[in-house]
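In what follows, a structure is listed as structure tokens, so that the remarks can point back to it.
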Amino acid sequence: MAIAATAIANTLIPIPDPEVLARQLSGKLLIDGTLTPAISGKTFPVVNPATGKPIAEAALGEKSDVDAAVASAAKAQIGWAKLTARQRGKAIADCGKLLSEHVEELGRLIALETGKALRTESRVEANVLADVFVFYGGLGSELKGETVPFNNDMLTVTVREPIGVVGAIIPWNVPMMLMALKIAPAMVAGNSVVVKSAEEAPLAVLRTCEIMNQVLPPGVFNILSGYGPECGAPLVAHPNVGKVAFTGSVDTGKIVYKTAAEKLITVTLELGGKSPMIVMPDADVERAVAGAIVGMRFTRQGQSCTAASRIFVHEKVHDEFVTKLKAQVDAMKMGDPLDEQTDIGTIISRQQYEKVSSYIKLGEETPGATAHECSTMPTDPRLKDGLFVRPVIFTGITNASRVAREEIFGPVTCVIKWRDYEEVIDAANDSEYGLAATVWTRDLKTALDATRRLQAGFVQVNQNIVVQPGLSYGGVKQSGLGKEATLEAMLDHFTQKKTIIFNIA
Ligand code: ADP
């Protein structure tokens, strides 16, 4: 198996017009290093959510395509695993470098297919994508085992071996980044991968795969598009898939887990969230408001599992907080996702649009609730069929209401007034989810106590940054199983340990 020793030739010229690129990628899967139609020849439409117009067809992958991709991956994995860990790492880091030359085109393509604004979200995601490959590319030499002090006449060691073929199933909200967090560690660890993209966002990840296949041996990274039950389910069930990494809804995660249990393979599940943000009476309100804007992912229309969708604000600063939050969200510009002036784009699909709208209606009907609608709808006639939803801040609502308990995955947050510290910690933990949480205070003792007691996998004080390579990310309770984004994630989830004992007596 050959890997370019030094130079990486980027023969794919970046295509800045995302509509041209979308058409070029139309109707293709990428299996065994080659862009290819689905075996059935069937396709399904990919729609621009800002206009409602189709931009491409995606190949409709089914079981036969899964079989072809897994066969290619299984064959390629043998040679891939024979490379040294650092050679694999170099190839993955080289992929990161190539992807960094395609940030603009990938950013524009993901903006076109998902409706996420280019400046605030889509270009950022394309940069993080490249960064994740560079990060994991440097970790090849960390795939170390141990020496075990078992017996003086024996040399006992453990080694970390790859699992084989890894299946990755990804969602549409941050598809490139969430794919990278799975496949980069999987491949550095010596596995090959088959990815099933989300129905709504198959194009930018396909282009990512095409770019990376300039460096990777054919079959190491394959990608399929298609529907969950027809394409995702056979991938999970395939006898040669030895591990599944999944991000998506709780219900689908449980289906994946059950299938994996039948095969006795491990899974990583990154599922939903209803993340609390607790603003203490002594908090820096300006800073907390800025944190709420980032935390709630208003620029991503709230389409984030870690969205700060339950904001508990102490009564002393509640009104000031709400006034300032509303003013800042009002100042955000909704519009064409590809326009550099736009802060907030669209909801991903008609189905999600209906779901989000129904939750807003439910909130409005909740006794005591006030819906503060923010920002303004775009007026551009080209966007008249776009799936735009004005951000909504609910006040006067309790943690018991459905809008405060269920994951909406839209630009809807609840600001809940509190008075008693013990009660607010209990309320924050009174959720089936446990993905992320933040605490806003100037008092170190309060911060320490709250962070220890909050049931979540990712807890921050006085900030609300998004997941970064090197920071362990993943939830507790219904938010999932396993962590992503670190060295430990690679070792724990994409290798299996073997003990080897040499009797030298
Ligand atoms: P969302 O509501 O965010 O779309 P889903 O859990 O439905 O979340 O989808 C996340 C990913 O899981 C998508 O790629 C989808 O196609 C896939 N998926 C859906 N159903 C199944 C299934 N039964 N088996 C495997 N993958 C599935």
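The values are calculated or read from the model by the stated rules, or taken from the named source; none is laboratory data. Because the structure is predicted, anything quoted here is derived from the model rather than measured. So basically every Cβ, Gly included, is an ideal-geometry build from the backbone, and we count neighbours across all protein chains shown. Only protein heavy atoms, including side chains, enter the accessible area calculation; ligands, DNA and RNA are left aside. Shrake-Rupley method; radii C 1.70, N 1.55, O 1.52, S 1.80 Å.
Need one number for segment 445-505: average projected area of the convex hull over its C-alpha atoms, nm².
7.4
Output the relative contact order of segment 460-505, whole-number percent, from Cα pairs under 8 angstrom with separation of 6+ residues.
So the answer I get is 25 percent.
For the chain, take the longest principal axis of its alpha carbons; what is the angle in degrees between that and the long axis of helix 203-212, to the nearest 10 within 0 to 90?
That works out to roughly 40 degrees.
Relative to the Cα centre, what is the charge dipole magnitude of the chain, using +1 at the beta carbon of each Lys and Arg, -1 at the beta carbon of each Asp and Glu, and rounding to the nearest 20 debye?
Magnitude of the dipole: close to 800 debye.
Working out 0.36 nm times the residue gap between Ile78 and Thr36, then minus their Cα-Cα distance, what length gain in nm do you get to one decimal?
12.8 nm
Could you give the length gained on full extension between Ser249 and Asn151, defined as 0.36 nm per residue of separation minus the Cα-Cα distance, in nm?
30.5 nm
Wrap a convex hull around the Cα atoms of segment 1-111, take a quarter of its surface area, and give that in square nanometres.
If I average the Cα hull's projected area over directions, I get 8.2 nm².
Relative contact order, percent, of segment 375-428 when contacts are C-alpha pairs under 8 Å separated by at least 6 residues?
Across segment 375-428, relative contact order equals 31 percent.
Between rounded, prolate and oblate, where does segment 187-252 land on the alpha carbon gyration tensor, with a ≥ b ≥ c its root eigenvalues, rounded for a/c under 1.5, else prolate if a/b exceeds b/c?
oblate
Could you work out the Rg to Rh ratio of segment 84-173, with Rh taken as the Kirkwood radius (inverse of the mean 1/r over all Cα pairs)?
Rounded to two decimals, Rg/Rh equals 1.21.
When each pair of different Cα atoms in segment 358-491 is counted once in the 1/r mean, what is the Kirkwood radius in angstroms, to one decimal?
Result for segment 358-491, one decimal place: 17.3 Å.
With the contact rule set at Cα under 8 Å and sequence spacing of 6 or more, what percent relative contact order holds for segment 261-323?
43
Checking the a/c ratio against 1.5 first, then a/b against b/c, what shape does the Cα gyration tensor give for segment 390-459?
Prolate shape, in that a/c is at least 1.5 and a/b is the bigger ratio.
Tell me the Kirkwood radius of the chain: reciprocal of the mean inverse pair distance over distinct alpha-carbon atoms, in Å.
23.5
Give me the percent of accessible area attributable to carbon and sulfur for segment 198-322, probe 1.4 angstrom.
58
Taking the Cα centre of each part, how many Å lie between segment 158-218 and segment 465-496?
If you average the Cα positions of each part, the centres end up 15 Å apart.
Quick one: helix 85-100 against the long Cα principal axis of the chain, what's the angle to the nearest 10°, folded into 0 to 90?
Roughly 50 degrees, rounded to the nearest 10.
Based on the Kirkwood radius over alpha-carbon pairs, what value in µm²/s does the Stokes-Einstein equation return for the translational diffusion coefficient of segment 278-344 at 10 °C and 1.306 mPa s?
Answer, rounded: 126 µm²/s.
With labels modelled as points extended 7 Å from the Cα through the Cβ direction, what inter-label distance (nm, one decimal) is found for Thr323 paired with Ser64?
The two pseudo-label positions are separated by 6.7 nm.
With label points built 7 Å along Cα→Cβ from the Cα atoms of Asp17 and Tyr421, find their separation and express it in nm.
So the two model labels end up 6.2 nm from each other.
Within the chain, which is the longest segment containing none of the chymotrypsin sites (Phe, Trp or Tyr not before Pro) that sit in a DSSP loop and have at most 16 other Cβ atoms within 10 Å?
Maximal segment without exposed cleavage sites: 228-505.
Rounding to the nearest 10 and keeping the result within 0 to 90°, find how far the Cα-based axis of helix 175-188 lies from the longest principal axis of the chain.
The angle comes out near 30 degrees.
Hey, what D do you get for segment 289-398 in µm²/s if you plug the Kirkwood alpha-carbon radius into Stokes-Einstein at 10 °C and 1.306 mPa s?
In µm²/s, the coefficient rounds to 108.
What is the ratio of the Cα radius of gyration of segment 181-313 to 2.2 N^0.38 Å, where N is its residue count, to two decimals?
1.32
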